[in-house]
Amino acid sequence: MLQSFRALTTVHSGRAKRLRCEIKLFKAFDPKTQPPPGPPYTTSALWDTGATNSLVTKDTANKMGLVPVGTCMMSHAGGSDPTNRYLVNIDLPNGVSVFGVTVLECQEIPGQIGAIIGMDIITQGDFSITNVSGKTVLSFRIPSVETIDYVSQAKRLTFAGVGRNAPCPCGKKGPNGKPVKFKHCCGKSV
């Protein structure tokens, strides 16, 4: 039985150089026992697999009136600096929400981006990027449901319809010079 999950898909025309989506940020609250503590702050977010943590810009933190819950050292390409930490709830597109996220404050990001979705959120689910028909498609679901394995998928598609006792399509021959059966060759790993 397939596990319940929440998912989103964003489509970018052309090959995207940056993966973005609109998000809503809230000061942290427990959605099971509390209403939102005011209206959300809507901003554009960048998906970044190179960012360990999710981030908000200093401007975003100021506009939301966020109060730091502490400080920490943030490493980046230019070294490391002390920075503020905040606690927020993040609403991604299509009703995908992540609660109680510790975000770090960063400097302004060119392109009117107010936040970065980092690996702390990405690794809670399944994340995939495809480029077909001139479009870049980002798809994300949370929690993780299954392994996405393009190598296994390629093998299944390549060998679809090959009988177990048929000669292996890879053409491998046994010591006797006869074709090896599929079940004893590439069929073992499918």
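The values are calculated or read from the model by the stated rules, or taken from the named source; none is laboratory data. Fair warning: this is a prediction, and the values are worked out from it, not measured in the lab. Don't worry about glycine lacking a Cβ; one is built from the backbone with ideal geometry, like all the others, and counts go over all protein chains shown.
Would you confirm, using the coordinates I've provided, whether residue 141 is closer than 26 Å to residue 50 by Cα, not in a loop (DSSP other than H, G, I, E, B) and not aromatic (Phe, Trp, Tyr)? Against the criterion (closer than 26 Å to residue 50 by Cα, not in a loop (DSSP other than H, G, I, E, B) and not aromatic (Phe, Trp, Tyr)), residue 141 qualifies. Specify which of the listed residues (164, 156) is of a type in the set (D, E, K, R), in a helix (DSSP H, G or I) and loosely packed, with under 12 Cβ neighbours inside 10 Å. Sole residue among the options that is of a type in the set (D, E, K, R), in a helix (DSSP H, G or I) and loosely packed, with under 12 Cβ neighbours inside 10 Å: 156. Return the residue satisfying two criteria in turn: it lies in the range 92-104 and is closer than 28 Å to residue 14 by Cα and out of contact with any Gly (no Cβ under 9 Å at 6 or more places or on another chain), and of such residues it is surrounded by the most Cβ atoms within 10 Å (Cβ to Cβ). Once the filter is applied, the top-ranked residue is 92.
Does residue 42 count as assigned by TED's automatic domain parsing to the domain that holds residue 126, farther than 13 Å from residue 90 by Cα and at pLDDT 95 or above? No: the conditions fail for residue 42. Screening the candidates 101, 88 for the property of being more than 14 Å from the chain's Cα centre (by Cα), closer than 23 Å to residue 18 by Cα and part of a strand (DSSP E or B) yields one hit, 101. Among the candidates 52, 60, 83, the residue that is modelled with pLDDT of 95 or more, of a type in the set (Val, Ile, Thr) and in a strand (DSSP E or B) is uniquely 83. Could you look through the range 105-128, keep only residues that are under 11 Å from residue 47 (Cβ atoms) and under 17 Å from the mean Cα position of the chain (by Cα), and pick out the one that is surrounded by the most Cβ atoms within 10 Å (Cβ to Cβ)? The qualifying residue surrounded by the most Cβ atoms within 10 Å (Cβ to Cβ) is 117. Given the condition in a strand (DSSP E or B), out of contact with any Leu (no Cβ under 6 Å at 6 or more places or on another chain), closer than 22 Å to residue 52 by Cα and free of Cβ contacts under 8 Å to residues at least 60 places away in the same chain, answer yes or no: does some residue in the range 128-138 qualify? The answer is yes, given that some residue of the range 128-138 is in a strand (DSSP E or B), out of contact with any Leu (no Cβ under 6 Å at 6 or more places or on another chain), closer than 22 Å to residue 52 by Cα and free of Cβ contacts under 8 Å to residues at least 60 places away in the same chain.
Considering every residue within the range 93-104, establish whether at least one is within 14 Å of residue 46 (Cα to Cα), touching a residue at least 60 places away in the same chain (Cβ under 8 Å) and among the β-branched types (Val, Ile, Thr). Scanning the range 93-104, I find no residue that is within 14 Å of residue 46 (Cα to Cα), touching a residue at least 60 places away in the same chain (Cβ under 8 Å) and among the β-branched types (Val, Ile, Thr), so the answer is no. What about residue 71, is it assigned to a strand (DSSP E or B), of a type in the set (Val, Ile, Thr) and assigned by TED's automatic domain parsing to the domain that holds residue 107? Spelling it out, residue 71 is indeed assigned to a strand (DSSP E or B), of a type in the set (Val, Ile, Thr) and assigned by TED's automatic domain parsing to the domain that holds residue 107.
Reported count of residues in the range 29-53, each being among the small types (Gly, Ala, Ser) and either surrounded by fewer than 19 Cβ atoms within 10 Å (Cβ to Cβ) or out of contact with any strand residue (DSSP E or B) (no Cβ under 6 Å at 6 or more places or on another chain) (or both), is 3. Against the list (1) at pLDDT 95 or above; (2) over 22 Å from residue 43 (Cα atoms); (3) charged (D, E, K, R), the condition residue 149 fails is (1).
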